[in-house]
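Participant: Once you've had a glance at the structure underneath, I'll fire off some questions.
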Amino acid sequence: MRVLAQCSAAVLAVSLLLAPAPAALARPAEESRTVLPDGGQGQQGVRFATFNASLNRQAPGDLVRDLGTPNDAQARAIAEVVQINRPDVVLLNEFDYVPGNRAADLFNRNYLQVGQNRQDPVDYPYVYTAPSNTGVPSGFDLDNDGGTGGAGDALGFGTFEGQYGMVIYSRYPIQTESVRTFQDFLWKDMPGALLPDNPATDTPGDWYSSAELAVLPLSSKSHWDIPVVVGGRTVHVLASHPTPPVFDGEEDRNGKRNSDEIRFWSDYVTGGAGAAYIYDDRRVAGGLPRGERFVIMGDQNSDPLDGDSLPGSIDQLLRNRLIQDPLPSSNGATEASALQGGANADHRGDPQFDTADFEDRSAGNIRADYVLPSRSLRVSGSGVFWPRVGTPGSELTGIFPFPTSDHRLVYVDVTVNGARQR
């Protein structure tokens, strides 16, 4: 979610003194850019990216209105970031869901397929989006504030159905008939679920009533398994956007839900008996078959060392033996941490890995966004699009109010072995 960021005087001073180079020349920062391999026989280089684009709006219909013309400044800047980095498969978080792919197709046609600021257009013939739990009325007082209705009582936080949704654009075919979604999987059905406790009672795990747990899904948006075909080989794009682990109380209901939303993918890719509890929206049970290639992508809202998520939440993925962490980085993130100061000065994590520019007084910048390939994929490069102040592209990240988003695009380049080159 977009969070107000406090800008230090140092940032403002530097941004005034260092005029950015022409935006049309912008390319991913040299320190994080690796050219995709040509690939030998049976190898295909693919760039996967995730970007919380903050293309969410305040009311239903607003996003379709804004994307219906090619003139929305934020959408143009978002498209330019995508065109600079040129991912083959990209997940956009916080993109309001509109039935019939209306918003997704408008962004593709009016922005991605139109060269922004002299960048080359990008063509994504395959698009996938689906409903989100955000804004779906639960009929219960889920936040226990004494009233029923509103964003806090929806199945996932949102003021209308589909707000803060997500969309995938791909240059490679999507096996739509094999997509698995987990929008309806109930939180209570996860063994050992971290169900929140009402601190006002002696009964454990009772923040939600049994009736509420009977309708409350684990996923605050949805979890998607999207099979993408690369040169005849399938790579499963595992997309999600767990709830921010904040905006709650002592019960930490959002922090616990965030942790379990992250855990879901760890159980899913591990498969076997440990994933037998999982069922998708077609009521097909089980996790990912052993040996399948996958890439976990999305704004996980969890940093390994800093921020408000439960300790160890993101480590459920980072320490899974089937998953590799390419550690995408940027010099721009290191620079921003030093210039902005505040909470950043007390962070334990290396700021070069940060992907989100949050409010500096109490939160600071963190690593929130991840592209995590399976160990069966060979990583050839990775990066975070966070240019240093005054360098090409820095006008697209900026400081609050951000021209694009408070998150940065994160990409990982992999080689799919056994694939036929296009």
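The values are calculated or read from the model by the stated rules, or taken from the named source; none is laboratory data. None of these values were measured; they are calculated from a predicted model. Cβ placement follows ideal geometry from the backbone for every residue including glycine, while neighbour counts extend to all protein chains displayed. Side chains are part of the model used for accessible areas, which takes the heavy atoms of the whole protein and leaves out ligands, DNA and RNA. Shrake-Rupley method; radii C 1.70, N 1.55, O 1.52, S 1.80 Å.
Participant: Among the residues of the range 322-329, is any open to solvent by 20 Å² or more (accessible area, probe 1.4 Å), acidic (Asp, Glu), touching a strand residue (DSSP E or B) at 6+ places or on another chain (Cβ under 9 Å) and closer than 22 Å to residue 261 by Cβ?
Facilitator: Of all residues in the range 322-329, those open to solvent by 20 Å² or more (accessible area, probe 1.4 Å) come to 322, 324-327, 329.
Among the residues that remain, those that are also acidic (Asp, Glu) are: 325.
This time we only want the ones that are touching a strand residue (DSSP E or B) at 6+ places or on another chain (Cβ under 9 Å), so: 325.
This time we only want the ones that are closer than 22 Å to residue 261 by Cβ, so: 325.
Yes, the range 322-329 contains a residue that is open to solvent by 20 Å² or more (accessible area, probe 1.4 Å), acidic (Asp, Glu), touching a strand residue (DSSP E or B) at 6+ places or on another chain (Cβ under 9 Å) and closer than 22 Å to residue 261 by Cβ.
Participant: Further, regarding this structure: Looking at the range 172-185, can you tell me whether even one residue there is open to solvent by less than 10 Å² (accessible area, probe 1.4 Å), closer than 19 Å to residue 96 by Cα and not acidic (Asp, Glu)?
Facilitator: yes
Participant: Please go through (1) closer than 24 Å to residue 383 by Cα; (2) surrounded by fewer than 17 Cβ atoms within 10 Å (Cβ to Cβ) for residue 137 and return the number of the only condition it doesn't satisfy.
Facilitator: Tallying (1) closer than 24 Å to residue 383 by Cα; (2) surrounded by fewer than 17 Cβ atoms within 10 Å (Cβ to Cβ), residue 137 fails exactly one: (1).
Participant: Note down all Cβ pairs under 7 Å where the first residue falls in the range 377-403 and is free of Cβ contacts under 8 Å to residues at least 60 places away in the same chain, the second is part of a loop (DSSP other than H, G, I, E, B) and acidic (Asp, Glu), and they're at least six residues apart or on different chains.
Facilitator: none
Participant: Which of the residues spanning the range 359-375 are open to solvent by 10 Å² or more (accessible area, probe 1.4 Å) and modelled with pLDDT of 95 or more?
Facilitator: From the range 359-375, those open to solvent by 10 Å² or more (accessible area, probe 1.4 Å) are 359, 361-363, 366-367, 375; that's our starting set.
Scanning the range 359-375 gives 366, 367, 375.
Participant: Let me ask something additional. Given the structure, is residue 274 open to solvent by 20 Å² or more (accessible area, probe 1.4 Å) and at pLDDT 95 or above? Spell out how you get there, then give the answer.
Facilitator: On the way: open to solvent by 20 Å² or more (accessible area, probe 1.4 Å): yes; at pLDDT 95 or above: yes.
Yes, satisfied.
Participant: I would also like to ask the following. Scanning for something aliphatic (A, V, I, L, M), within 30 Å of residue 90 (Cα to Cα) and open to solvent by less than 30 Å² (accessible area, probe 1.4 Å), does the range 190-207 turn up at least one residue?
Facilitator: Quick first cut of the range 190-207, residues aliphatic (A, V, I, L, M) only: 190, 193-195, 200.
Still in the running and within 30 Å of residue 90 (Cα to Cα): 190.
Now restrict to residues that are open to solvent by less than 30 Å² (accessible area, probe 1.4 Å): 190.
Scanning the range 190-207 turns up at least one residue that is aliphatic (A, V, I, L, M), within 30 Å of residue 90 (Cα to Cα) and open to solvent by less than 30 Å² (accessible area, probe 1.4 Å).
Participant: Return yes when residue 288 is part of a loop (DSSP other than H, G, I, E, B) and within 30 Å of residue 417 (Cα to Cα) and no when it is not. It would help to see each step written out before you state the result.
Facilitator: Values: part of a loop (DSSP other than H, G, I, E, B): yes; within 30 Å of residue 417 (Cα to Cα): yes.
When the stated conditions are applied, residue 288 passes them.
Participant: Can you pull out every residue in the range 228-237 that is crowded, with 20+ Cβ neighbours inside 10 Å and free of Cβ contacts under 8 Å to residues at least 60 places away in the same chain? Spell out the reasoning first.
Facilitator: So the first thing to find is which residues in the range 228-237 are crowded, with 20+ Cβ neighbours inside 10 Å, and the list is 228, 230, 235-237.
Within the range 228-237, 236 is the sole residue that qualifies.
Participant: So residue 265 fits all but one of (1) without any contact (Cβ under 8 Å) to a residue 60 or more places away in the chain; (2) closer than 21 Å to residue 164 by Cα; (3) part of a loop (DSSP other than H, G, I, E, B); what number is the exception?
Facilitator: All conditions pass for residue 265, except number (3).
Participant: While we're looking at this one, here's another question. Go through the range 38-131 and tell me which helices (runs of 4 or more DSSP H), entirely inside it, have 1 or more residues that are in contact with a Phe, Trp or Tyr (Cβ under 8 Å, 6 or more places away or on another chain) and open to solvent by 10 Å² or more (accessible area, probe 1.4 Å).
Facilitator: Details: elements: 62-67, 73-85, 102-107.
Qualifying helices (runs of 4 or more DSSP H): 73-85.
Rundown of residues vs (1) in contact with a Leu (Cβ under 8 Å, 6 or more places away or on another chain); (2) in a loop (DSSP other than H, G, I, E, B), yes/no style:
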position	(1), (2)
310	yes, yes
321	no, yes
333	no, no
345	no, no
376	no, yes
390	yes, yes
396	no, no
399	yes, yes
